[in-house]
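**Student:** There's a structure below that I have some questions on.
The values are calculated or read from the model by the stated rules, or taken from the named source; none is laboratory data. As the structure is a computational prediction, the values presented were derived from the model and not from experiment. We place every Cβ from the backbone using ideal geometry, glycine too, and count neighbours over all the protein chains shown. Note: areas computed on protein heavy atoms with side chains; ligands, DNA, RNA excluded. Shrake-Rupley method; radii C 1.70, N 1.55, O 1.52, S 1.80 Å.
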Amino acid sequence: MIPGAAHDSSARDPPPLCHPGTRIKINERTIDWFYDEIKQELILWISGPAGVGKSAILQTFAAKLASAGCLGASVFISRPNGRDNSHAVFITIAYQLAVHIESYCAVVSELLAFDPEIVKKSMEEQFKMFIVKPFVENKIGAGGKTWGVLLDGLDELDKRDQQGKIIQLITAFAHDHPEVPLAWVISSRPEPHITNTFKQRRLSYKFKEEYVPIDSPEACQDVERFLRSSFNDIQVKFSHMVTKGWPEETKIEKLANAASGLFAFADVAIRFI
């Protein structure tokens, strides 16, 4: 599996999280979609440029699902950190599903006891054995609650062709088996090959899409809120060094304008300061 990819892994500590009071609308829409009993889409695609805060949105969502006992699996892919093995994506999902769903664990354990080589087979065969067979043939979780499966940073997987294949496998599965209690959330940059794959799949299956822009009014307000809160924290932590009224209002506004709604910029600036 991909080590350190889960939402609560120590390898990702501290994980990116939505700052309190930010990304409220998209977080609310995501929660409403997941708990909608008559939702037409079992797949949510969250896209946006690098550094806009997609991972923080998924991390916040994963934490909410985990606290509600509805998180099936979460895979936070990161190329710089070596968490980008495309061959191990569905193995990682299977491991986490087995940890969270006892009946699934029993089925998959039996499959692996019979054929341990499943983990070395193609992605299509892994998907068939770890997803289709347990949930369709064995009807794991039928009639029960929905489990969320989260894939963050799909575009960072090591093999570009496998990125599109994952989308194809999941959308075909959701189309063919809408009764299965799995809801998928995929986040990525809007890379052309990923966008084109989703557009092609839309012809056969309707999925929900959320685009996270950089410089929307909401994003700019959220970044400014984050900056002000972070400066307050610095004042409290370093009260013996920082004078009252630091920093000047004009400097906060200048930094917020420079960030232009990009959370990665604001986060790096605060870490430096």
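**Student:** For the range 49-64, give me each residue that is in a helix (DSSP H, G or I) and either open to solvent by 30 Å² or more (accessible area, probe 1.4 Å) or of a type in the set (G, A, S) (or both).
**Tutor:** Pass one, the range 49-64, residues in a helix (DSSP H, G or I): 54-64.
Passing the criteria: S55, A56, A62, A63, K64.
**Student:** How many residues are polar (S, T, N, Q), outside any helix (DSSP H, G or I) and crowded, with 17+ Cβ neighbours inside 10 Å if we restrict to the range 65-121?
**Tutor:** Residues flagged as polar (S, T, N, Q), outside any helix (DSSP H, G or I) and crowded, with 17+ Cβ neighbours inside 10 Å within the range 65-121 amount to 3.
**Student:** Among the residues of the range 228-246, write down those that are among the polar types (S, T, N, Q) and either touching a Ser or Thr at 6+ places or on another chain (Cβ under 8 Å) or farther than 16 Å from A256 by Cβ (or both). Break it down into steps so the answer makes sense when it comes.
**Tutor:** Pass one, the range 228-246, residues among the polar types (S, T, N, Q): 229-230, 232, 235, 239, 243.
Q235, S239, T243 - these are the residues of the range 228-246 that are among the polar types (S, T, N, Q) and either touching a Ser or Thr at 6+ places or on another chain (Cβ under 8 Å) or farther than 16 Å from A256 by Cβ (or both).
**Student:** Filtering the range 243-257 down to residues that are part of a helix (DSSP H, G or I) and of a type in the set (S, T, N, Q), which residue is farthest from I214 (Cα to Cα)?
**Tutor:** T250
**Student:** If you check K64, K39, which single one turns out to be closer than 17 Å to V185 by Cα, modelled with pLDDT of 95 or more and among the basic types (K, R)?
**Tutor:** Sole residue among the options that is closer than 17 Å to V185 by Cα, modelled with pLDDT of 95 or more and among the basic types (K, R): K64.
**Student:** Quick one: which residue in D222, D215, D267, D233 is touching a His at 6+ places or on another chain (Cβ under 9 Å) and either at pLDDT below 95 or outside the structural domain of E41 (by the TED database) (or both)?
**Tutor:** Of the residues listed, the single one that is touching a His at 6+ places or on another chain (Cβ under 9 Å) and either at pLDDT below 95 or outside the structural domain of E41 (by the TED database) (or both) is D222.
**Student:** How about the range 25-48: which of its residues are assigned to a helix (DSSP H, G or I), touching a residue at least 40 places away in the same chain (Cβ under 8 Å) and over 20 Å from H177 (Cα atoms)?
**Tutor:** K25, I26, R29, T30
**Student:** Hey, another quick one. Which number in (1) over 19 Å from S55 (Cβ atoms); (2) touching a Ser or Thr at 6+ places or on another chain (Cβ under 8 Å) marks the one condition that L151 misses?
**Tutor:** With respect to (1) over 19 Å from S55 (Cβ atoms); (2) touching a Ser or Thr at 6+ places or on another chain (Cβ under 8 Å), L151 is out only on (1).
**Student:** Still on this model: What number goes with the only condition from (1) over 19 Å from I57 (Cβ atoms); (2) touching a residue at least 24 places away in the same chain (Cβ under 8 Å) that S260 does not pass?
**Tutor:** (1)
**Student:** Next question. Against the conditions (1) over 28 Å from K206 (Cβ atoms); (2) modelled with pLDDT of 95 or more; (3) of a type outside the set (F, W, Y), where does I46 fall short? Just the number, please.
**Tutor:** Going through the list (1) over 28 Å from K206 (Cβ atoms); (2) modelled with pLDDT of 95 or more; (3) of a type outside the set (F, W, Y), I46 breaks only (1).
**Student:** Exactly one condition in (1) in the same structural domain as F34 (by the TED database); (2) touching a Leu at 6+ places or on another chain (Cβ under 9 Å); (3) open to solvent by 20 Å² or more (accessible area, probe 1.4 Å) is not met by L255; state its number.
**Tutor:** The single condition L255 does not satisfy is (1).
**Student:** Okay, next question. Mind checking which residues of the range 258-273 are part of a loop (DSSP other than H, G, I, E, B) and crowded, with 16+ Cβ neighbours inside 10 Å? So that I can check it myself, show each step before the final result.
**Tutor:** Going residue by residue through the range 258-273, those that are part of a loop (DSSP other than H, G, I, E, B) are 260-262, 273.
Within the range 258-273, G261, L262 meet the criteria.
**Student:** Looking only at the range 173-185, decide whether some residue is in contact with a Lys or Arg (Cβ under 7 Å, 6 or more places away or on another chain) and more than 18 Å from D84 (Cβ to Cβ).
**Tutor:** Within the range 173-185, one or more residues are in contact with a Lys or Arg (Cβ under 7 Å, 6 or more places away or on another chain) and more than 18 Å from D84 (Cβ to Cβ).
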